[in-house]
Every structure is written in structure tokens, then in C-alpha cells.
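Encoded as C-alpha cells, the structure appears first; notes follow it.
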Amino acid sequence: MERDTGGIGDSGGSRDSEARQRAARRDEAVRAAVEQGLLGPDAAVVGLLDVTGIQESAAALRAAFDAVVAPGTPVLHAFAVKATPLVPVLRLLHEAGIGAEVASPGELALARAAGVPAARTVLDSPAKTPAELREALALGIAVNADNPQELDRLDALVRTAPTRSPLGIRVNPQIGGGTIGATSTATPTSKFGVALRDEGAREWVVRAYLERPWLTRLHAHTGSQGIPPALLARGVAETYALAEEINERAGGRQIDTLDIGGGLPVNFAGEATAPSYADHARLLAAEVPGLFDGRYGLVTEFGRSLLAKQGTVVARVEYAKSAGGRRIAVTHAGVQVATRTVYAPQAWPLRIAAYDAKGRPKPGPEVVQDVAGPACFSGDLLAEGRALPLLEQGDFAAALDTGAYYFAHHYAYNSLARPGIHGFAPDGSGGVTFATVREPQTVDEVVAESGGAHADALTTLRASGSR
Ligand SMILES: *Cc1c(COP(=O)(O)O)cnc(C)c1O
């Protein structure tokens, strides 16, 4: 779990150099952020996004599938917006040829604000209201029905108005979970999709298609971090087999597109991108050979694997202290930006990098210490008992691989303000240039979002109620 070491070098030089370059860009960006005042006493925590890295990641995803699909196969890579729900990120990905997978009215609005066209958007939530379904069908957005009741709603909508939306059903192949329960979506009792192995369910799904020629897609997303790629491939194989069965019984190619979900795990233990998209596409090609032969269009929904390694939370060390013989760096990054890591540290460990007060990587010797956050509960630790160069007052601690499901997922504990997020790129003359992705939340905004406009709502309610 130390900086820039573990995990590099498992498959040749280009992967090594990609990882090294990413680490070098990050170090440059931290130093430039301090120099340019984006980080300092008045901005004690920020999120940084590596624009070059995001573009490389999008290109690697596209190239990996281009290398295995039959020429001419339509492939839509739809970024799972929940991983990094930031409009400028969605716009950058759209420009890099990546669409959007959305799961709420808010996420759909973000994708639209980013300019992602309806034809490159997929709606997948497990709790879509009639209004959401109506809007999606009016816009022509692809929808995967989660369950029989939702399919009833689609029946009614399809009867009343024609739609361009490609429509499908989400199934749960029930192939089992991974090492993290909360991100395992293919357990026997998962809340997502039609549970395929339940009694009568498979036949129900087949009949649902046979009775509805407008159902042309089939969807499964069998889990996220903690699911080994081989298990993801099994989920895809089961989905493919079901599509083949439906098409055979339909006597044609009713299902023309398979949506294979996302879920590729991220290496949080080292710098290397492992597994890579190329690894995963080759695994799918080996395990599910028919998938890529051109008979099916494809949709993917990767989230974490596209963005995690492109983001870094950097926080100033406000105080360095010691308790019971343990060194503790009290920083400004804790549960509000790394909620999963703080509440479930075994499942979501993060690498921490130490930088000095000028934003330069801090040299050796390593000292076992806690890297704590600002929140008022003792479990608010980014890392516990971690060996790192000793963090001192005014230094910076960086939580690495936090570009997905971290700093864009603010948790309002202690009314801690949402940090600003900055994208960075080379400035063309050896330096680093930044762009605002999200403004930091102000304390006035915290008050406004906490009922500030209704300060006397409860006291006056009591006064009128007592009469
Ligand atoms: C969360 C989610 C994804 C993305 O999962 P990652 O692990 O971030 O790749 C894709 N599809 C659906 C339906 C999801 O719920």
C-alpha cells in the first residue's frame, strides 16, 4: 500500500510506463496546485482530475473492444455516471467517444447538460417512476426494464406513443457475489433485475420477449469492485446464452444488442492499471466467443475502471500529533470525501501519498501513522497504522485512485463543505494548467442547503399549533 510501488510490472513495458507517467503527472499537478494557490490555508482539500489520464482511459476502452469485435459491430461504451457525476467529465468522455449510463433524473440531467445525445444514453435504475419512463421514451433513450411491474408500465407507454428508445430487460444471472457484498449485484437475492434462476423466471423472460417484438436488448450488470473478472465473464456468458435461446425461439434476431454492464475491478493496491480493458476484452472473447462475431451490437457500462485512477484527493495536514505512541496526521480529507473507505476500511483501502508543504513528494524514512479526517468521530481515518514518510503540519496527504465514487460523492457529515475539483493538463511549456470542474461549496451555501431560508419554520409552527 505504499506509494508508486506494488503492482507495477505484471505485463510488460508499456503498462509500466503508463503507470509511471500517470504518477509523474500527479506529482507535477500537486506541486503546481500548491504553487498556484489551489491548495493552501484557504483551500485545505481539493479533488484533482487528470485530463490526459481520462482521455487515455477512454481510448484504451475503445481500442480494447475494437480489437476483438467483428468489423462494423455497433459498440456503445456508456460511462456509468454515478461513478463521477460531473458535467465537465461527461463532456470530456463524450468528446472521447463515450456515452452515458444514467440511473436517476439527476444523472440524466447531468448527461444532457454535458451534451450526451439520447442515442448514446442508457437508463437503468431499479426504481424508475412513470414520469421518468415517459421522459426517457419521449427522448429516445435506451431503457432496461428492471422487473415485471416496470415492463407493465413500458407496455402502456409503448401502446400510447411510438418511441425510438431501444428497450430491453435487465436480468440477474444469480452467479454469485464477490468480496464486497454492497457491490455484488448477481447474488441470489440481489435487488436488481429479473432473478433468472428463480422458479419459472427464465421462461417468463423468454415469453416476455416473444410477446413483445419491440424488446430488442438484454442487459445484465453482475457486480462491481470485488468481483473477479472471470466471474464477470460468467455473467456475460449467461446473458449471451439467454439471448441465443430467446432468438432461437423467436426464429430470428429479435435481440440485436447485448448490454454487458460494467464492473471491471480497479487495482487500489498499486499504480498499475490491472486488469486492463484489453485483458478483459480478451477474456470475454475467449469465454464467450459468439459475443463478438458481429451478430450482436454491444453496450458496456464501465464506471470505476474509467475514472478511479484519474483522480486524487489532496488535503492539508492541519495538525500532526501523537496519542498512545501513535503518530496522527489530522487532515481535511475524511468521511466527507472518502465515505466508503472510512466506514468500510477493509473493503475500500486507499493508497496515501505524502507531499511536503511545497507539494513535493516527501522522502523517506517511513513511520507508522494514522491519516485522519476532520470529522468528529474517531473512525474518521483515511488510513490507519500506515507506514509513510512522517506527515507534519503544513504537509499534504493525497488519497490516490479517488476519481470514481469518492470526491464527487460528498457526504455532508459535520456540515463539511464540498471541496472544489480541478482538472489538470500539461500547459505546453513544461508546466501544469488547471480548469475548474466544480467550485468549492461556500459556507453560505451550506447554510442555504440546511434550511437557512426557513430559520423560524419550527418556532412559528409551534406558536400557531398551540392556539
Ligand atoms: C454501478 C453500475 C455500473 C458501473 O459499475 P462500475 O463498477 O463502476 O464499472 C454499470 N451498470 C450498472 C447498471 C450499475 O449499477
Once each part is reduced to its C-alpha centroid, what is the distance from the stretch 319-397 to the stretch 215-242 in angstrom? 37
Can you give the % of DSSP beta bridges in the chain that are antiparallel, to the nearest 5? 50
Determine the dipole magnitude for the chain: charges of +1 sit on the beta-carbon of Lys and Arg, -1 on that of Asp and Glu, nothing else is charged, the reference point is the Cα centre, and the result goes in debye to the nearest 20. 360
DSSP-loop trypsin sites (Lys or Arg not before Pro) across the stretch 252-312, with at most 14 other Cβ within 10 angstrom: Arg253
Yeah, the stretch 78-222 with a ≥ b ≥ c from its alpha-carbon gyration tensor (a/c under 1.5 is rounded, else prolate when a/b outruns b/c, oblate otherwise) is oblate
Which whole-Hz ³J(HN,Hα) couplings does the stretch 301-317 yield from phi under the Karplus relation 6.51 cos²θ - 1.76 cosθ + 1.60, θ = phi - 60°, glycine and proline marked x? 9, 6, x, 3, 5, 6, 10, 3, 6, 9, x, 9, 8, 10, 9, 6, 7
Taking r as the C-beta separation of Glu244 and Lys358 and R0 as 45 Å, the FRET efficiency to the nearest 0.05 is 0.15
Just to check I understand the Karplus step: with θ = phi - 60° and J = 6.51 cos²θ - 1.76 cosθ + 1.60, what whole-Hz values come out for the stretch 65-75, glycine and proline as x? 7, 4, 6, 10, 7, 4, x, x, 5, x, 10
For n ≥ 4 DSSP H runs only, could you compute -39500 (n - 2.57) per run for the chain, divide by its residues and tell me the 222 nm figure to the nearest 500? -9500 deg cm²/dmol
Specify the angular offset, from 0 to 90 degrees and rounded to the nearest 10, of the alpha carbon long axis of helix 13-35 from the longest principal axis of the alpha carbons in the chain. 50
The set of residues whose placed amide H lies less than 5 Å from the amide H of Ala78, leaving out same-chain residues fewer than 5 positions away, is Gly99, Thr300, Glu301, Phe302
Whole-Hz couplings from phi, Karplus 6.51/-1.76/1.60, listed for the stretch 318-330; x for Gly and Pro: 6, 9, 10, 9, 9, 8, x, x, 9, 6, 9, 9, 8
Mean separation of Cα contacts under 8 Å, 6 or more apart, over the residue count of the stretch 291-434: relative contact order %: 30
Mean separation of Cα contacts under 8 Å, 6 or more apart, over the residue count of the stretch 14-101: relative contact order %: 25
For Leu381, residues with placed amide H under 5 Å, excluding near neighbours: Gly373
Using alpha carbons only, how many angstrom separate the centre of the stretch 38-57 from the centre of the stretch 398-419? 12
Exceeding the 22 Å Cα-Cα cut-off - candidates Lys321/Lys362; Lys82/Lys358; Lys128/Lys191: Lys82/Lys358
Search the structure for amide H atoms under 5 Å from the amide H of Val194, placed 1.01 Å from N in the peptide plane, and list their residues when 5 or more places away or on another chain. Arg170, Val171, Asn172
The chain - percent relative contact order, Cα under 8 Å, separation 6 or more: 19
Quick one, can you get me the convex hull of the C-alpha atoms of the chain expressed as volume per residue in Å³? 181
Excluding ligands, DNA and RNA, the carbon-plus-sulfur percentage of the accessible area of the stretch 34-162 with a 1.4 Å probe reads 57
Per residue, how much accessible area does the chain show when a 1.4 Å probe rolls over the protein heavy atoms, in square angstrom? 42
Distance in nm between pseudo-label sites at Arg164 and Val367 (7 Å out along the Cβ direction from Cα): 6.2
Please label the shape of the stretch 309-447 as rounded, prolate or oblate, based on the square roots a ≥ b ≥ c of the eigenvalues of the alpha-carbon gyration tensor (a/c under 1.5 means rounded; beyond that, a/b larger than b/c means prolate, else oblate). oblate
Rounded to the nearest 10 degrees, the helix 277-287 long axis (Cα) sits at an angle to the longest Cα principal axis of the chain of 30
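The values are calculated or read from the model by the stated rules, or taken from the named source; none is laboratory data. Given the structure is predicted, the values throughout are model-derived calculations rather than measurements. Note that we place each Cβ from the backbone using ideal geometry, even for glycine, and neighbour counts take in every protein chain shown. Keep in mind that these areas ignore ligands, DNA and RNA; they rest on the heavy atoms of the full protein, side chains included. Shrake-Rupley method; radii C 1.70, N 1.55, O 1.52, S 1.80 Å.
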